[in-house]
1. Yes or no: region A:164-171 includes at least one residue that is within 18 Å of residue A:198 (Cα to Cα) and either more than 16 Å from DNA strand C (Cβ to nearest atom) or touching a strand residue (DSSP E or B) at 6+ places or on another chain (Cβ under 8 Å) (or both).
2. Taking residue A:138 as meeting all but one of (1) within 15 Å of DNA strand C (Cβ to nearest atom); (2) touching a residue at least 12 places away in the same chain (Cβ under 8 Å); (3) touching a helix residue (DSSP H, G or I) at 6+ places or on another chain (Cβ under 7 Å); (4) part of a helix (DSSP H, G or I), write down the number of the exception.
3. On the basis of being modelled with pLDDT under 90, surrounded by fewer than 18 Cβ atoms within 10 Å (Cβ to Cβ) and closer than 26 Å to residue A:82 by Cβ, does residue A:233 make the cut?
4. Within region A:173-195, which residues are over 17 Å from residue A:222 (Cα atoms), in contact with a helix residue (DSSP H, G or I) (Cβ under 9 Å, 6 or more places away or on another chain) and part of a loop (DSSP other than H, G, I, E, B)?
5. Residues being loosely packed, with under 15 Cβ neighbours inside 10 Å and within 30 Å of residue A:21 (Cβ to Cβ): count how many of those fall in region A:136-164.
6. Would you point out the residue of region A:198-222, among those that are within 23 Å of residue A:62 (Cα to Cα) and out of contact with any strand residue (DSSP E or B) (no Cβ under 7 Å at 6 or more places or on another chain), that is farthest from DNA strand C (Cβ to nearest atom)?
7. Which residue is nearest to residue A:227 (Cα to Cα), if the candidates are limited to region A:190-209 and must be without any contact (Cβ under 8 Å) to a residue 12 or more places away in the chain and within 8 Å of DNA strand B (Cβ to nearest atom)?
8. Please go through (1) assigned to a strand (DSSP E or B); (2) in contact with a helix residue (DSSP H, G or I) (Cβ under 9 Å, 6 or more places away or on another chain) for residue A:107 and return the number of the only condition it doesn't satisfy.
DNA sequence: TCATTAACTGAGG
DNA sequence: CCTCAGTTAATGA
């Protein structure tokens, strides 16, 4: 990946939701980034760590998760290219959860010092990142509703709808289809149910002819039915800054 | 390794 | 009585 392209996914995303001028963009582009490749299921930072850098997800999917003392894992969020999943470590110095790769990932590490310098020099960049953090929190709120109140079918449909809307921003949705490289075990961990039940829910949606899920790809076959099942309103993603 | 299915169980409405 | 969901186990891709 050429140096120019490294931060492009981040810029693309920030630009859709925040007003950044040429100097802001230049400041982001000139951040020193150390690129590293990760295998699937590799921890990037763990609970208790004190990172000195943030990581920009450039390619692949990551999750944030916490585990209980008896070893059960809750997936807290799913991250896609252009996001900085551990942005909070810039100001909260000890990690309170794990960041783990889901797939093979390309991660760009940016030193806290460099990032802090940019946010001090370029207030609009600071605002854009702040806004990003607030949207992150809005997504967590929606996930609490998901795990706490929605039925199994609704939970799964909602997660899929959300991912699709977020992937659309970075042009990773082609028509009714997009890549969702998660096992049923992992989907279960995101929904707070066992993989066996995740399988039952998936089957329900597939047998109803609403959804297809094969080898990490989702196809939504019946848009209306799917949206109804998902109880989805994209407002909380705040994708349109004008609203 | 991951997905699928059945049989059984219990909670809760 | 019905639906949802966890456990266990067997089996297939």
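The values are calculated or read from the model by the stated rules, or taken from the named source; none is laboratory data. Note that the structure is predicted; figures quoted are calculated from it, not measured. Here the Cβ is made from the backbone with ideal geometry for all residues, glycine too, and neighbour counts use every protein chain on show.
1. No, every residue in region A:164-171 fails to be within 18 Å of residue A:198 (Cα to Cα) and either more than 16 Å from DNA strand C (Cβ to nearest atom) or touching a strand residue (DSSP E or B) at 6+ places or on another chain (Cβ under 8 Å) (or both).
2. (1)
3. No.
4. A:180, A:182, A:183, A:192, A:193, A:194
5. Summing the residues that are loosely packed, with under 15 Cβ neighbours inside 10 Å and within 30 Å of residue A:21 (Cβ to Cβ) in region A:136-164 gives 2.
6. Checking each candidate, the answer is A:213.
7. Checked region A:190-209; the qualifying residue nearest to residue A:227 (Cα to Cα) is A:206.
8. Condition not satisfied by residue A:107: (2).
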